[in-house]
Amino acid sequence: MSTQTAAPRTDGARSTLNRVLGGSAGRSLGLVIALLVLFAVGTITAGDRFASWENILTIVRFASIIGVISIGMTFVITAGGIDLSVGSVMGLATVVATLSWVQQFASSTNWIVMVVVALAVGGAAGLINGIVIAYGNVVAFMATLAMLVAARGLAEVLANRTTQIVIEPGFLSAMRGEFIGVPVLIWIFVLVVAAGWFLLNRTTFGRRTVAIGGNLEAARLAGIKVKRHLMYVYILSGLTAGIAAVMMLARTTAGTSTHGTLYELDAIAAVVVGGTLLIGGRGTIMGTVLGVLIFSTLTNVFTQNNLSTSVQAIAKGVIIVIAVMLQQRFANRAKR
């Protein structure tokens with residue numbers, strides 16, 4: 001009699017476990033384990049240097065700029081697209097923003113104008129991408145590849161291959177300060193993550209983004225204005241590149257065309273490793289955050305142990321594959 005009552009309970013617990021593992025929490029579990037393993041390796045190999053609060057803040061601060069770009073990229077990939085231009089757009093935005101300051105457009109008013117210029121450059125580049133892709137019917141890969149080349153070239157022409165320095169005290173004081181012991185750059189990252197999570201999971205905009213990525217034709221038949229929505233998604237991606245440009249200016253005080261080189265690849269890798277489907281239809285902001293933190297922690301562990309960049313690249317690729325395999329393992333287990 002006792003055996004007959006225990007079996008349903010076991011099945012119920014297994015069913016609950018499968019539902020949990022099959023959800024977003026389950027898909028992120030492999031990444032959490034990988035991150036904890038990295039922290040353990042860093043603590044064992046580097047000791048107190050790695051485990052200190054200051055170093056943890058360094059890891060998150062290093063992740064913040066790529067993290068902001070990756071949030072925008074999450075929306076693009078969830079909608080079934082790709083944006084290869086975000087790194088170049090970020091570099092262009094730093095150049096235009098600093099030139100506006102050097103040319104006294106901003107210094108005569110307020111440093112906020114410089115920030116607005118950076119956001120406007122990012123948003124404008126995203127708007128062009130969105131119009132070309134949605135209304136010009138150009139494949140996203142080619143359209144954003146063209147923007148990647150054009151934005152980098154325009155940045156070099158405007159900067160004349162020189163570096164513009166921003167020394168405005170108000171800007172540096174505001175962006176390099178701390179709030180309750182945490183750097184402002186990290187707070188910006190946190191705010192972008194919170195806004196991205198709310199937009200993707202709690203709004204009609206997010207539901208339409210997932211629907212378009214899952215089945216574009218079905219979304220169109222359901223009444224979603226697909227072209228207009230895709231344009232909005234690329235504008236959002238451009239805006240996050242503009243925010244990242246402001247953060248880069250705060251960190252380096254320099255506007256140069258080389259800023260953001262290969263950032264698009266790091267962002268795409270973080271998004272996909274985080275669990276967002278490259279074919280669209282499913283996106284996870286928290287997974288993207290975990291993906292970015294894994295990249296940042298890896299770099300920090302390698303730096304603390306004085307490993308060469310070549311070894312870093314090889315090890316980074318291997319560990320990312322392991323993280324993806326763990327993620328797939330949990331996902332497959334949940335389907336049984």
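The values are calculated or read from the model by the stated rules, or taken from the named source; none is laboratory data. All values reported here derive from a predicted model rather than from experimental measurement. Methodologically, a virtual Cβ is constructed for each residue, glycine included, from the backbone with ideal geometry; neighbour enumeration extends over all protein chains shown. These area figures cover heavy atoms from the full protein model, side chains too; ligands, DNA and RNA do not enter into them. Shrake-Rupley method; radii C 1.70, N 1.55, O 1.52, S 1.80 Å.
Values as computed for the structure displayed
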item: Leading residue by the ranking (nearest to the chain's Cα centre (by Cα)) among those in the stretch 196-234 that are closer than 24 Å to MET90 by Cβ and open to solvent by 40 Å² or more (accessible area, probe 1.4 Å); result: TRP197
item: Number of the condition not met by GLY238 [criteria: (1) open to solvent by less than 50 Å² (accessible area, probe 1.4 Å); (2) assigned to a loop (DSSP other than H, G, I, E, B)]; result: (2)
item: Some residue of the stretch 79-89 being closer than 21 Å to LEU172 by Cα and either at pLDDT 95 or above or of a type in the set (D, E, K, R) (or both); result: no
item: Where a residue in the stretch 143-159 is more than 16 Å from ASN129 (Cα to Cα) and its partner, wherever it lies, is part of a helix (DSSP H, G or I) and not β-branched (Val, Ile, Thr), with Cβ under 8 Å and at least six apart; result: ALA155/SER88; ALA155/GLY91; ALA155/LEU92; LEU158/LEU92; LEU158/LEU99; ALA159/LEU99
item: Sole residue being within 14 Å of the chain's Cα centre (by Cα) and hydroxyl-bearing (Ser, Thr, Tyr), chosen from THR299, THR252, THR288; result: THR288
item: In the stretch 252-283, the residues that are assigned to a loop (DSSP other than H, G, I, E, B), surrounded by fewer than 24 Cβ atoms within 10 Å (Cβ to Cβ) and β-branched (Val, Ile, Thr); result: THR253, THR256, THR258, THR261, ILE279
item: Test for VAL76: is it under 30 Å from GLY170 (Cβ atoms), part of a helix (DSSP H, G or I), at pLDDT 90 or above and of a type outside the set (Lys, Arg); result: no
item: Residue that is of a type in the set (A, V, I, L, M), in a helix (DSSP H, G or I), in contact (Cβ under 8 Å) with a residue 60 or more places away in the chain and open to solvent by 10 Å² or more (accessible area, probe 1.4 Å), where the choices are LEU119, LEU191; result: LEU119
item: Of residues in the stretch 155-177 being of a type in the set (Val, Ile, Thr) and outside any loop (DSSP other than H, G, I, E, B), the one farthest from the chain's Cα centre (by Cα); result: VAL157
